[in-house]
Structure formats: structure tokens, C-alpha cells
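A short worksheet on the structure shown next.
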Amino acid sequence: MILLSDDPVSHEAINQDIAMISSLVTQDTAKTEKGFSSFFKPNHERLFYRLSLSVIINFYAQMTGANVISYYGKTIFTESLHLSSNKASFLNAGVLTFKIVAATSAFITVDRLGRKPLFLVACGGMSLSMAGLAGTVWAIDINAYTFGASVAAVFFLFFFMAFFPLGFVGANFLYGAEIAPQDLRIHLAAVGTATHWLFKFVIAEITPVAPVTIKWRYYIVYAVIAFSALPVIYFLFPETKGLSLEDMNRLFSEPASFAQIRAYARKIRKGGLAQQDDEAQKNGLGVDQVEDISKS
């Protein structure tokens, strides 16, 4: 622990860390083994609520239309925008390359801004992009082909890929792992990943035919789904940035109802330093020593 810490660590801090680790090991060994059925049993940890959050966020990761563009971009360019095969291949390669570049935004901002703001910004941008794509494809269908509408449609495809990586390249999997209790983290991650791939299968089944059958209306479906994510994420999802594993258990266990969890997350983050000061006074440690403990 001394080697991992950036700052000098006192003997008291080391002893406190050892005591905390021993306590966690003792608690884990005392617990009965849990499985997938634990998510559906009444309990104070609100496991079903955590399960629902993981399923919902991975549902939105797929059903906002990202893989429609990733896997069937060339189909969109040829069937919806009536572009030639060569132009479609070139533009599709450009969109996917831009997706890789745009993904760096998530790595830069996820720990600075938090998970929830990225989800909201990403879903808002994707909804706007899909609505714009629906409008431009409608204009192309009505007028057979217009250069301006095609340019606008291509813009909205690139615009979409500027927002999708921000919230759903990895933050959706990260969120599911963060909200899970330690003894069920693998289970919750498995459910989230299964949800992700289930709806990816749905996309793969409907996309080859939908742009031909319902045409521009297909993109409205994704615009509406992405827009619906805004109130769902805002009202149901607590922010997990800066919360430890112990804080996460408190977050889901201590509020009287799930409606208070969002506010409780803010309370934990704002009260973190005050709580450290209280613990320091109880244990007879200085504030600097407690800060060393939190950093170690």
C-alpha cells in the first residue's frame, strides 16, 4: 500500500486499511452464496432496481440506432439516400473511422463529467440526429433525389457518431459494474452484456428490410427511443462518479424509497469530506491522515 500511494502514509493509516480489508473479507465469507435469483428476491439492497438500471442502459445502447449505422451504413447510403455503391462504401468507411476518433471523447470526459451527463448528452444528440435523418430521407423520397437533402443526411450520420461514443462505447458497461454489489458484480455484468447482444440481434434482424418497407419512418423509431431515454435516465439513474464500493451499498440500501436515491447520491458526494472529518475525530486521527487513508 505504501508503494501504491502517492503521498506518505502513516502507520495508523496502514493499520486502518488492513482492518477495513479484514472486515470486508469477514463479511464476504459470512454471506451466503448469491446467484441470479437474488435479483428477484425482496431485500434491502434493492438488487432488482440495480438489475433494471443495467438492462435499461444497455437497451438504450442498442435501440437508439448506433449499430444500424455501424453495420448497415452502406445500406442506408444506397437504399435511403440513393447513392452509388462506390460513394456509399467511401462514406460508410468515413463514418466508422470518425466513430473511432469520436470515442476518445468518452475516455477524456467520463471521470471528469460523470456517467449520467454523458448518457443524457449522448441520447439528446442521437435523438436529434435520427430526427434530422428521418426528415432528410423523407425529402429524398418525396423528390426522388436532391443533392442538398443527401448532404444533410450524411451530416446527420456523422453528427450521430459524434454523440454515440460519448455515452455508449463503454460507459454503459462501466455503469452496470459500478452499481453492482461485490458478490453479484459478475452476474449483473452478464445480464447487461446479454441485454446488449439481445437487442443487437434485434437490430440485425429488422434493419435489412425496414428502410425499404417503412422507409424514413424507420429512423423516427430510433429518434423517439433516444428521446425517451432523457427522462428515464434523468429521474431513475443516480450519478456514480466518485463513489466507492461502500458508498454504492449505502446509496441503494439507506434511502427510504428508490425515488430518493438520486438525491442521496449527491448527498454522499457532498458529505464525503465531512464524513472523513467525523471519522478522524472518532479515531483520534488528523485530517491529513484520513486523507492519506482515502487516497491509499
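The values are calculated or read from the model by the stated rules, or taken from the named source; none is laboratory data. This is a predicted model, so every value here is computed, not measured. With ideal geometry, Cβ positions are generated from the backbone for all residues, glycine too; neighbour counts draw on all protein chains shown.
Filtered by the rule that a residue be among the polar types (S, T, N, Q), touching a Pro at 6+ places or on another chain (Cβ under 9 Å) and within 15 Å of Phe160 (Cβ to Cβ), the stretch 96-110 gives a lone residue, Ser105.
In the stretch 94-111, what residues are among the charged types (D, E, K, R) and surrounded by 15 or more Cβ atoms within 10 Å (Cβ to Cβ)?
Lys99
Against the test of being β-branched (Val, Ile, Thr), assigned to a helix (DSSP H, G or I), modelled with pLDDT of 90 or more and more than 30 Å from Lys74 (Cβ to Cβ), the options Ile293, Ile261 yield a single qualifying residue, Ile261.
Scanning for something outside any helix (DSSP H, G or I), of a type outside the set (Lys, Arg) and without any contact (Cβ under 8 Å) to a residue 24 or more places away in the chain, does the stretch 239-250 turn up at least one residue? Yes; the residues of the stretch 239-250 include at least one that is outside any helix (DSSP H, G or I), of a type outside the set (Lys, Arg) and without any contact (Cβ under 8 Å) to a residue 24 or more places away in the chain. In the stretch 54-79, the qualifying residues are those that are of a type in the set (Gly, Ala, Ser) and buried (at least 24 other Cβ atoms within 10 Å of the Cβ), and the one that is nearest to Thr240 (Cα to Cα) is Ser54. Residues that are closer than 21 Å to Leu128 by Cβ and of a type in the set (Val, Ile, Thr) within the stretch 59-104 comprise Thr64, Val68, Ile69, Ile76, Val95, Val101, listed in sequence order.
Answer yes or no as to whether Ile233 is aliphatic (A, V, I, L, M), over 17 Å from Arg115 (Cβ atoms), buried (at least 16 other Cβ atoms within 10 Å of the Cβ) and modelled with pLDDT of 90 or more. When the stated conditions are applied, Ile233 does not pass them. In summary, Asp7 fulfils each of the numbered conditions (1) in contact with a Gly (Cβ under 7 Å, 6 or more places away or on another chain); (2) modelled with pLDDT under 70 with the single exception of condition (1).
Taking residues in the stretch 162-180 that are more than 17 Å from Arg46 (Cβ to Cβ), and partners anywhere that are crowded, with 23+ Cβ neighbours inside 10 Å and among the hydroxyl-bearing types (Ser, Thr, Tyr), the pairs with Cβ atoms closer than 7 Å and at least 6 places apart or on different chains are Phe163/Ser129. Candidates Phe159, Phe90: the one that is surrounded by 15 or more Cβ atoms within 10 Å (Cβ to Cβ) and farther than 22 Å from His196 by Cβ is Phe159. The selection criterion, being crowded, with 22+ Cβ neighbours inside 10 Å, of a type in the set (Val, Ile, Thr) and more than 22 Å from Tyr219 (Cβ to Cβ), holds for Ile179. Taking the criterion of being surrounded by fewer than 17 Cβ atoms within 10 Å (Cβ to Cβ) and either touching a residue at least 40 places away in the same chain (Cβ under 8 Å) or more than 20 Å from Val169 (Cβ to Cβ) (or both), the residues of the stretch 201-219 that qualify are Val202, Ala204, Glu205, Ile206, Pro208, Val209, Val212, Thr213, Ile214, Lys215, Arg217. Across the stretch 242-257, the qualifying residues are those that are closer than 16 Å to Ala180 by Cβ and not aliphatic (A, V, I, L, M), and the one among them that is modelled with the lowest pLDDT is Glu246.
Selection of the stretch 195-222 for residues being part of a helix (DSSP H, G or I), under 23 Å from Asn143 (Cα atoms) and not hydroxyl-bearing (Ser, Thr, Tyr) yields Ala210, Pro211, Val212, Arg217, Ile220, Val221.
Is there a residue in the stretch 118-128 that is among the aromatic types (Phe, Trp, Tyr) and modelled with pLDDT of 90 or more?
yes
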